[in-house]
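Working notes for the structure below.
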Amino acid sequence: MKKLYLGASLFSLLLASQVAAADVYVRDISVSGLDRVENETVMSYLNIQSGQSVSEEKLNDSLKQLYATGLFDDVAFNVTPSGELVISVVESPIINERYFDGNDNVDSDMLASEVQLAPRSTFSKAKAQDDVQRILEVYKRTGRYAVVVEPKIIKRENNSVDLVYEIDEGPLATIDKVNFIGNTHYTGSELQSEIMSKESRWYRIFSSSENYDADRVNYDKELLRRFYLKNGYADFRVVSAIAELSPDKKSFVLTYVVDEGPRYEIGDIAVVSELRDVDGSYLQEEVLLEQGDWYNADKVEKSVYAITDALGKHGFAFVDVVPELSRDAAQSKVNLTFRVKEGERVFVDRINITGNTRTEDEVIRREFRIAEGDAFNAAKIRASRRNVENLDYFSKVDIKTVPKANGNSADVDVNVEEKSTGYFNVGVGYSTVNGALIRTGITENNFLGKGQQLALDLGVSQRAQDYNLSFTEPYFMGRPLSAGIDLFRTEEDYQDEGSYDTESTGGRLRLGWNYTDDLSQYVRYTLRQDKISNVDSDASQYIKDEEGEYTGSIFGQTTVYDKRDSAINPKEGYYLSFGNDIAGAGGDEKFLRFDAKAYKYYTFADYYTLKFFANGGYITGYNGKDVRLMNRYFLGGYNMRGFEYGGVGARDKKTDDALGGNWMFYGGTELSFPMGLDELGIRGRTFVDVGMIGKPDGINTEDVYYSSSPRVATGVGLTWQSPMGNIDIDFAIPVVKKSYDETEIFRLNFGARL
């Protein structure tokens, strides 16, 4: 008698030992153990027919095929001496109900869409284990690597079972440490500020940036590349980005290995045209870089777009502008040539946007520099992608060009992946100016998916309270024109400086636009009510005379020219701004005010940054009105280290109250340097501050101490980018001062924004 037996775990061993090498004559075939499965179903999987001699190979194939159906837990072949093939089966149970237990952070519908086994399907241990692996992969995509999944069955009547996937999700895998290897010009803390992945800190409870995400790490490589290419490192590359999972599977250590290469200055710049009747020299003015500038890939790309746009205005719709670099490594210079060629005659048919479940299509479309029906242009497509990414509404922006069958048109498919655009911040701290403080706020940068910003900010300290509500529409009337409204209230205690309190309540309307990438314009209208109250009986008569409420109706504008390499942590470039305000279109205030700022940054020996700065302002009344106390300039504290707030300037001889001034200048220089504690985010600085302030109008010089001569202070300090926010500590010694000035040698500012 020949016998084949197949068990779930002994299939190979039994098959090898119990099947004879000789052919077997099968007179008849019978099946036992069937309940739900039809006899014909079993026969359809066999390679055997009755009345034939069957080889060992056919018996093996039939047995494997029958077991692979997943319909049976066990299968046995038994050939009787009379030639009857008896197939004995044990049917797999049917799944009655399927449950996921313990999945608090992943929706059951998502898990159900991933697994194979479902109600009314046949249970299989192999498929159950496959499903376990699928569930584990789902959790890995959500950042949970310590998850444990165990399938369990509950037997029911009629050979049915309930299937339960018991899930222990475990914690999110956080990023314990971010390391950079190969960086010499920028510190690890500076590079970490450029990427999305952040080290785990208690104050990031409202952020997902500390959770490990493989896609985010890949995007970090692109962010590092863009950062270096923007700052002169044309040969930069990320050698590797390695994520090491801890033994307990609860955290990762990320290591980015980079090769910075040399930093290049721009040498010769040329625009070479291969188009007939187009002289490249007249396009030279469209290039945003100059000889001697650091190489900047962003500006190269913007120059390509500017040249393309200029040619388009002259009727050249199909052009291809290719930037070519010629490196001189010995001189650390790169020559830049923009080669203008004729492009393919392809038009944009449709721009298809997907993935934006919350953000309106129009918010994305208005960032495109190309429209349906326009001539296809790769430079404009790249510029459009950068614009959409800069919105900071999406974790991924993927743009693909899909050619049409006609060969002269193409679709542009845009796929985005939305991310959270709302922020909650809390600040706690202490400063020598305002004392203990707490600040909290909520900001939504994509309000109702329309790209609008809504923000509420509250601050309370021992000295002041302020409340601000603002709304901004970045595309007012469908144009790249920022429009907004602010509502505010501020209460401040000036009892120490001037023996009075102030309140200011009002609103502001504003508009802003860009002339170029570096030149911006802002206009505003402010309506506010100011109040001076709680004036001490011993206060200066000049302050007593101003007690009461006043209304200001103020129009203003500010022009900004920003050439810094970074608005947050500048190392190179300069910043200029000029603004003026006029009060008097209604209200009690009548004044003209002018303010200007200038900053210049140099970095040398890679880590030392020298900053020169100057701030000035002038205000004057008109129509017989003097400038009131709340509109004057005060010097000291925030804007002049070494002196208390309002410590420099006119001061009542009898009461010692600070009275401010009608003009002010504050400038100096500051050198920022490493202290060997870059991994902790600590940098030192040394500085020299110079300040002057003018006398208020309507003040009798016999009643006040006053001198407009310069005051000078010098000192040292440090900034610590601590887990709780920036901590600034300064020690300053006034080296030029007046006897009546109020000085402050030590100054501390501490705060946190989560």
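The values are calculated or read from the model by the stated rules, or taken from the named source; none is laboratory data. Not measured: the values here are computed from a predicted model. Neighbour counts are summed over all protein chains in view; Cβ atoms, including those assigned to glycine, are modelled from backbone coordinates with ideal geometry. With ligands, DNA and RNA removed, areas are computed over all heavy atoms of the protein, side chains included. Shrake-Rupley method; radii C 1.70, N 1.55, O 1.52, S 1.80 Å.
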> Averaged over all directions, how much area does the convex hull of the C-alpha atoms of region 276-336 cover when projected, in nm²?
Replying inline: 4.5 nm²
> Per q in 0.13, 0.17, 0.20 1/Å, what log10 I(q)/I(0) does a Debye calculation on the alpha-carbon atoms of region 598-754 return?
Replying inline: -0.68, -0.99, -1.21
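When the chain is fully extended, how far beyond the present Cα-Cα distance does SER709 get from GLN529, taking 0.36 nm per residue of separation?
Working: separation 180, 0.36 × 180 = 64.80 nm, distance 3.38 nm.
This chain segment gains 61.4 nm when fully extended.
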> Ratio of region 133-249's C-alpha Rg to 2.2 N^0.38 Å, to two decimals?
Replying inline: 1.50
> Hey, if you drop one equal point scatterer on each alpha-carbon of region 433-558 and run the Debye formula without solvent, what base-10 log of I(q)/I(0) do you get at q = 0.12, 0.16 Å⁻¹?
Replying inline: -0.62, -0.93
>> With just the Cα atoms defining each centre, how far is region 601-617 from region 34-65? Give it in Å.
In response: 85 Å
> Amide H to amide H under 5 Å from SER197: which residues, 5+ apart in sequence or cross-chain, H placed 1.01 Å off N in plane?
Replying inline: none
>> Please list 3J(HN,Hα) in residue order for region 454-464, calculated via the Karplus relation 6.51 cos²θ - 1.76 cosθ + 1.60 where θ = phi - 60°; whole Hz, with x for glycine and proline.
In response: 10, 9, 10, 9, 10, x, 9, 9, 5, 9, 8
> What share of all Cα pairs of region 463-526, in percent, falls into each consecutive 10 Å distance bin?
Replying inline: 19, 34, 24, 17, 6
>> I need the fraction of alpha carbon pairs in region 83-161 separated by more than 21 Å, rounded to a whole percent.
In response: 37 percent
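Out of every Cα-Cα pair in region 528-621, what percent are more than 24 Å apart?
Details: 2141 of 4371 pairs.
Within region 528-621, distances greater than 24 Å cover 49 percent of Cα pairs.
Is it possible to state the helix-based mean residue ellipticity at 222 nm for the chain, with each DSSP H run of 4+ residues giving -39500 (n - 2.57), the sum divided by total residues, to the nearest 500 deg cm²/dmol? What is it? Write down the numbers at each step before the final one.
Values: 12 runs with 116 residues, N = 754.
Helix contribution divided over all residues of the chain: -4500 deg cm²/dmol.
Could you list the chymotrypsin sites (Phe, Trp or Tyr not before Pro) in region 495-593 that lie in coil according to DSSP, counting only those with at most 15 other Cβ atoms within 10 Å of their Cβ?
Those that pass, being in a loop and sparsely packed, are TYR515.
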> Can you list the residues of region 539-565 with backbone N under 16 Å from a point 7 Å past the Cα of LYS625, pointing along Cα to Cβ?
Replying inline: 546-556
> R0 = 25 Å: FRET efficiency of LEU34 with ALA68, Cβ-based, nearest 0.05?
Replying inline: 0.90
> Label-point separation (nm) for TYR561 and GLN284, each offset 7 Å from Cα along Cα-to-Cβ?
Replying inline: 2.1 nm
> For region 20-123, max minus min Cα coordinate along each principal axis, in Å, sorted largest first?
Replying inline: 60, 25, 18
> Roughly speaking, to the nearest percent, how much of the chain's 1.4 Å accessible area is carbon and sulfur?
Replying inline: 51 percent
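How much length would be gained if the chain were fully extended between ILE181 and SER332, taking 0.36 nm per residue of separation minus their Cα-Cα distance, in nm to one decimal?
On the way: separation 151, 0.36 × 151 = 54.36 nm, distance 2.25 nm.
The ILE181-SER332 span can extend by a further 52.1 nm.
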> Given a 1.4 Å probe, how much area per residue of the chain is accessible, in Å²?
Replying inline: 49 Å²
>> Run the Debye formula on the Cα coordinates of region 442-492, all scatterers equal and no solvent, and tell me log10 I(q)/I(0) at q = 0.19 1/Å.
In response: -0.66
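I need the per residue convex hull volume for the chain, using only the alpha carbons, in cubic angstrom as a whole number. The partial results should precede the final answer.
Details: hull volume 185.7 nm³, N = 754.
It comes to 246 Å³ per residue, whole-number rounded.
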> Could you give the nm distance between label points at TYR602 and THR443, where each point is 7 Å from its Cα heading toward the beta carbon?
Replying inline: 3.3 nm
> How far, in nm, would the chain grow between ASP361 and PHE594 when pulled straight, counting 0.36 nm per residue and subtracting the alpha carbon separation?
Replying inline: 79.7 nm
> For the pair ILE582 and ASN514, how long in nm is the line joining their label points, each one 7 Å along Cα→Cβ?
Replying inline: 3.0 nm
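In Å³ and rounded to a whole number, note down the convex hull volume per residue for the Cα atoms of region 269-381. Intermediate results must be reported in sequence, preceding the final value.
Working: hull volume 14.9 nm³, N = 113.
It is 132 Å³ per residue.
Evaluate E = 1/(1 + (r/R0)^6) for LEU136 and THR401, where r is the Cβ-Cβ distance and R0 equals 51 Å; express this FRET efficiency to the nearest 0.05.
Between LEU136 and THR401 the formula returns 0.90.
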>> Please report the spacing between the Cα centers of region 692-743 and region 452-474 in Å, no decimals.
In response: 28 Å
> If packing is taken as the mean number of other Cβ atoms within 10 Å per residue, what is the order of 50-59, 701-710, highest first?
Replying inline: 50-59, 701-710
> When you take every Cα atom in region 566-667, what is the radius of gyration, and what is Dmax, the widest Cα pair distance, in Å?
Replying inline: 17.3, 56
> Relative contact order for region 218-353 using alpha-carbon pairs under 8 Å, separation at least 6, rounded to a whole percent?
Replying inline: 23 percent
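For the chain, what is the charge dipole size about the Cα centre, in debye to the nearest 20, if Lys and Arg each add +1 at the Cβ and Asp and Glu each add -1 at the Cβ? Please report the intermediate quantities before stating the final value.
Working: 86 positive and 118 negative charges, 173 e Å.
Approximately 840 debye in magnitude.
Once R0 is set to 60 Å, what does the formula 1/(1 + (r/R0)^6) return for the Cβ-Cβ distance between GLN52 and GLU114, expressed as a FRET efficiency to the nearest 0.05? Can you show the working numbers first?
Numbers: r = 44 Å, r/R0 = 0.74.
Efficiency at R0 = 60 Å is approximately 0.85.
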> Karplus couplings for region 551-565 from phi (6.51 cos²θ - 1.76 cosθ + 1.60, θ = phi - 60°), rounded to Hz, Gly and Pro as x?
Replying inline: 10, x, 10, 10, 9, x, 8, 9, 10, 10, 10, 10, 10, 6, 6
>> Skipping prolines and chain starts, which residues have an amide H placed within reach, meaning under 5 Å, of the one on VAL346, given they are 5 or more residues away or on another chain?
In response: PHE376
>> Please list, in order along region 246-254, the HN-Hα scalar couplings obtained from phi with the Karplus expression 6.51 cos²θ - 1.76 cosθ + 1.60 (θ = phi - 60°), rounded to whole Hz, x for Gly and Pro.
In response: 5, x, 7, 6, 10, 8, 10, 10, 9
> Where Rh is the Kirkwood radius over the Cα pairs of region 346-401, the temperature 4 °C and the viscosity 1.567 mPa s, what D in µm²/s does Stokes-Einstein return?
Replying inline: 111 µm²/s
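Compute the Kirkwood hydrodynamic radius of region 340-493, taking the inverse of the mean of 1/r over all pairs of distinct Cα atoms, and give it in Å to one decimal.
Values: mean 1/r = 0.0543 Å⁻¹.
By the Kirkwood definition, the hydrodynamic radius is 18.4 Å.
Just in region 464-572: which trypsin sites (Lys or Arg not before Pro) are loop by DSSP and have at most 13 other Cβ atoms within 10 Å?
Working: sites: ARG489, ARG508, ARG510, ARG524, ARG528, LYS531, LYS544, LYS563, ARG564, LYS571; in loops: LYS563, ARG564, LYS571.
Nothing satisfies the criteria.
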> Expressed as a fraction of 2.2 N^0.38 Å, the rule-of-thumb size for a compact globular protein of N residues, what is the C-alpha radius of gyration of region 124-193?
Replying inline: 1.88
> Once amide H atoms are placed 1.01 Å from N in the peptide plane, what residues at a sequence separation of 5 or more from ASN47, or on another chain, have their amide H within under 5 Å of its amide H?
Replying inline: SER62
> Using unit Cβ charges (K, R positive; D, E negative) and no other charged atoms, how large, in debye to the nearest 20, is the dipole of region 396-529 about its Cα centre?
Replying inline: 540 debye
